[in-house]
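> Take this structure first; my questions come after.
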Amino acid sequence: MSRKLRIWLIFLIFLNGYVSLSFELVVLRQLSFWVGSSAVITSIIMGIFLGFMSLGYFLGSSEKIHTRNIRNILGISFVIIALFAFLASSFPLVAEYFVRLYQWGIVSSVIQTFIFSFVLLSIGPFLFGFNTTLLSRMLHKYNTNYTGNIMAWDTIGSVLGSLLTTLILMPFIGVNHTVILIVTLASFAAIVTRPKWWGVLLCAIVLIPTFYINSDKVQYDRFGILVNNANSTISVSQYDDMRVLYMNGLPMSMYNFKTSSGAEYIDYLNKHFLYNLPHDKKYKILVLGAGGFTAGLKDTYNEYIFVDIEHTLQEISEKYFLNEPLTKNKKFIVQDASQYLKNSKEKYDVILVDVYSNSYQVPEGFITAEFMQRVKDHIAPKGVLIMNVIASQTFKDNYSKVFDNTFHTVFPYNSQRQVISYANPWVYNDVVNILYIWYNRDEDNRIYTINKTPVIYDRYIK
């Protein structure tokens with residue numbers, strides 16, 4: 001075997017490994033907001049990905065595949081990989097997929113993930129395994145001792161695909177450009193493997209829509225996307241006097257620039273908890289989940305700390321959403337909410353937890369008793385905790401029931417559950433914003449009974 005051929009085959013094995021891991025990570029990123037990133041969701045995606053890849057390894061060893069046809073097969077295979085990388089990784093297409101499922105009444109994240117994985121994450125992984133076996137056969141034809149080298153270069157490609165995609169490409173050039181790179185690399189592999197006119201034409205057919213749909217201009221003009229990085233896809237849309245901030249396709253914050261009002265629960269929070277704070281001191285307010293910074297927007301006196309993992313939120317909000325800078329009494333910290341609480345010893349007079357952005361996908365680490373206890377430890381004496389949750393007001397689903405149980409396990413006394421927006425317990429879909437509120441007061445676990453009712457001594461009298 002010539003040195004040139006050996007290098008060419010090893011390069012393709014390396015490129016196959018790189019594209020496979022990069023493709024998988026981009027898909028996990030694009031799906032994370034729609035279906036979450038829990039162990040169950042990740043295991044479905046990885047299980048189907050690896051299962052079909054194993055099938056590709058197996059079928060690639062078939063004796064019916066003649067060596068003289070391998071280059072043609074590899075060329076077509078890489079084109080198909082490029083096509084499915086485009087279909088499964090482009091945010092506008094992924095968003096359209098989930099919108100359609102919700103319209104059809106398929107709201108289970110597990111079912112959504114299974115359908116997506118079987119339709120769009122089966123062919124690509126199968127061909128990754130299939131290609132590796134075919135390339136290995138070509139190397140073994142000339143030297144049967146190349147097994148270690150094959151495994152090593154495939155693994156090196158996978159490692160680089162993992163590190164470069166998550167640490168450099170998605171954070172700095174954006175997910176949309178990372179998708180373009182993946183499709184381009186797969187197309188390049190197809191053309192290098194079989195440099196024929198039909199191969200170039202097929203690659204062009206895949207690349208043109210990939211560049212078009214994933215370009216910054218189209219994503220902004222057609223979808224209003226301003227940011228598309230490793231954490232979030234952010235856009236801002238305007239409807240008459242109302243601006244809506246979207247993250248990963250779902251509305252995160254609303255702002256009426258004529259009336260300076262926001263989402264209904266934010267207006268309730270501002271009116272009843274923030275704008276009416278006494279002026280005896282500067283109160284410390286912590287907001288976990290910054291959104292569009294509409295909580296306490298017009299309060300220029302008290303001290304606010306906003307914590308969110310998305311580093312572009314302040315710039316996007318000031319420039320496109322609020323159209324005004326945050327006041328000097330507000331500070332934005334880029335960090336995971338749980339880690340911020342873990343590392344901070346500060347006590348706050350008011351804590352707003354606003355990280356439960358929709359009823360279908362919630363950050364699982366933030367609905368646990370352990371996280372709520374961590375929040376509780378940072379509430380100052382006589383302070384107030386407010387948790388905004390989207391759930392059933394009449395406990396029609398298990399999530400609403402178990403979240404309520406969890407909250408009252410940590411906050412068994414001095415709490416209330418305030419339903420915001422249209423409250424109607426008789427409708428089929430009664431999912432609304434609900435504020436769980438806890439007051440850090442001295443606890444009194446007594447109850448009144450017919451035998452013991454000292455109510456005249458307990459009642460608050462001015």
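The values are calculated or read from the model by the stated rules, or taken from the named source; none is laboratory data. These numbers come from a predicted model, not from an experiment. So basically every Cβ, Gly included, is an ideal-geometry build from the backbone, and we count neighbours across all protein chains shown. Accessible surface areas use protein heavy atoms only, side chains included; no ligands, DNA or RNA. Shrake-Rupley method; radii C 1.70, N 1.55, O 1.52, S 1.80 Å.
> Taking 35 Å as R0, compute the FRET efficiency from the Cβ-Cβ separation of Glu370 and Lys298 and round it to 0.05. Mind showing how you got there, number by number?
On the way: r = 35 Å, r/R0 = 1.00.
Once rounded, the FRET efficiency stands at 0.50.
> The chain: longest stretch without exposed GluC sites (Glu not before Pro) (DSSP loop, at most 12 other Cβ within 10 Å), sites themselves excluded? Please list the in-between numbers first.
Numbers: sites that count: Glu63, Glu346, Glu443.
Of all site-free stretches, the longest is 64-345.
> On the protein heavy atoms, probe 1.4 angstrom, tell me the percent of accessible surface of the chain carried by carbon and sulfur. Could the numbers behind the result be given before it?
Details: 13730 of 22840 Å².
Ligands and nucleic acids excluded, carbon and sulfur give 60 percent.
> Give the residue from Val427, Ala369, Pro412 lying farthest towards the positive end of the charge dipole for the stretch 357-462; charges sit on Cβ (+1 for Lys and Arg, -1 for Asp and Glu) and the dipole is referred to the Cα centre.
Farthest towards the positive pole: Pro412.
> Angle, helix 91-103 long axis vs. longest principal axis of the chain, Cα atoms, 0 to 90°, nearest 10?
60 degrees
> Another one. Take the alpha carbon atoms of the stretch 249-277, find their center, do the same for the stretch 331-352, and report the distance between the two centers in whole angstrom.
21 Å
> Please give me the summed charge of the neighbours of Leu269: other residues whose Cβ is under 12 Å from its Cβ, Lys and Arg +1, Asp and Glu -1.
Numbers: positive: Lys271; negative: Glu264, Asp267, Asp299, Asp354.
Around Leu269, the charge tally is -3.
> Could you size up the charge dipole of the stretch 131-230 around its Cα centre, putting +1 on the beta carbon of Lys and Arg and -1 on that of Asp and Glu, and report it in debye to the nearest 20?
360 debye
> Let me ask you something else. Might you report the magnitude of the Cβ-based charge dipole of the stretch 304-387 about its Cα centre, with Lys and Arg at +1 and Asp and Glu at -1, to the nearest 20 debye?
Value, rounded to 20: 400 debye.
> Place the peptides 194-204, 8-18, 419-429 in order of packing, highest mean first, counting for every residue the other Cβ atoms within 10 Å and averaging per peptide. Intermediate values should be presented prior to the final figure.
Numbers: 194-204: 14.7, 8-18: 21.9, 419-429: 11.6.
Ranking the peptides 194-204, 8-18, 419-429 by packing returns 8-18, 194-204, 419-429.
> With runs of 4+ DSSP H residues as the only contributors, calculate the mean residue ellipticity of the chain at 222 nm using -39,500 (n - 2.57) per run, divided by the residue total and rounded to the nearest 500. Intermediate results must be reported in sequence, preceding the final value.
Details: 16 runs with 223 residues, N = 462.
Only helices count here, giving -15500 deg cm²/dmol.
> Can you pick out the pairs among Lys328/Lys376; Lys345/Lys452; Lys281/Lys452; Lys298/Lys376; Lys396/Lys452; Lys319/Lys345 whose Cα atoms lie more than 31 Å from each other? Present the calculation step by step, with values, prior to reporting the outcome.
Details: Lys328/Lys376 27 Å; Lys345/Lys452 42 Å; Lys281/Lys452 41 Å; Lys298/Lys376 27 Å; Lys396/Lys452 36 Å; Lys319/Lys345 33 Å.
Going by Cα-Cα distance, Lys345/Lys452; Lys281/Lys452; Lys396/Lys452; Lys319/Lys345 fall outside the 31 Å limit.
> Residues with beta-carbon under 11 Å from that of Val431, excluding Val431: net charge, scoring Lys, Arg +1 and Asp, Glu -1? Can you show the working numbers first?
Details: positive: Lys396; negative: Asp397, Asp430.
Residues close to Val431 contribute a combined charge of -1.
> What angle do you read, to the nearest 10 degrees and between 0 and 90, between the alpha-carbon axis of helix 175-193 and the longest principal axis of the chain?
So the helix axis and the longest Cα principal axis differ by about 10 degrees.
> Same structure, new question: Take the alpha-carbon centre of the stretch 397-419, take the same for the stretch 161-182, and report the distance between them in whole Å.
The stretch 397-419 and the stretch 161-182 have Cα centres spaced 40 Å from each other.
> Evaluate the distance, in nm, between pseudo-label points positioned 7 Å from the Cα of Thr259 and of Tyr102 along their respective Cα→Cβ axes.
Reported label-point gap for Thr259 and Tyr102 is 2.3 nm.
> OK, next. Quick one: which residues, 5 or more positions from Leu226 or on another chain, have an amide H under 5 Å from its amide H? H modelled 1.01 Å from N in the peptide plane, none for Pro or chain starts.
Here Ile234, Ser235, Val236 satisfy the definition.
> Quick one: net charge of Gly365's neighbours, Cβ under 11 Å, K/R +1, D/E -1? Show your work: numbers first, answer last.
Working: positive: Arg374; negative: Asp336, Glu364, Glu370.
That works out to -2.
> Once amide H atoms are placed 1.01 Å from N in the peptide plane, what residues at a sequence separation of 5 or more from Val287, or on another chain, have their amide H within under 5 Å of its amide H?
Amide H neighbours of Val287: Ile305, Phe306, Val307, Leu352.
> How much area per residue is accessible in the chain when the probe is 1.4 Å and only protein heavy atoms are counted (Å²)?
Details: 22840 Å² over 462 residues.
I get 49 Å² per residue for the chain.
> Just name one of Ile41, Leu83, Gly17: the one whose Cα is farthest towards the positive end of the charge dipole of the stretch 1-96 (beta-carbon charges, Lys/Arg +1, Asp/Glu -1).
Positive-end residue among those listed: Gly17.
> Something else: What label, among (1) 90, 70, 43; (2) 97, 51, 44; (3) 75, 55, 36, belongs to Cα extents along the principal axes in Å computed from the structure on display?
(2)
> Output the 0 to 90 degree angle, nearest 10, between the alpha-carbon long axis of helix 123-142 and the longest principal axis computed from the alpha carbons of the chain.
30 degrees
> Then there is this: In what sequence, largest accessible area first, do Asp430, Asp377 appear using a 1.4 Å probe?
Values: Asp430 5, Asp377 75 Å².
Greatest to least solvent exposure: Asp377, Asp430.
> Quick one: which of 157-170, 125-138 comes out on top by average Cβ neighbours within 10 Å, and what's the full order, highest first? Don't jump to the answer; show the numbers that get you there.
Numbers: 157-170: 18.2, 125-138: 23.1.
Output ranking for 157-170, 125-138: 125-138, 157-170.
> Next question. Looking at Ser61, Leu181, Leu169, which one has the Cα that reaches farthest to the positive end of the dipole of the stretch 54-192 (charges on Cβ: Lys, Arg +1; Asp, Glu -1)?
Ser61
> What's the magnitude of the charge dipole for the chain around its Cα centre, counting Lys and Arg as +1 and Asp and Glu as -1 at the beta-carbon? Answer in Debye, nearest 20. Before the final figure, lay out the partial values.
Numbers: 39 positive and 32 negative charges, 230 e Å.
Dipole magnitude for the chain comes out near 1100 debye.
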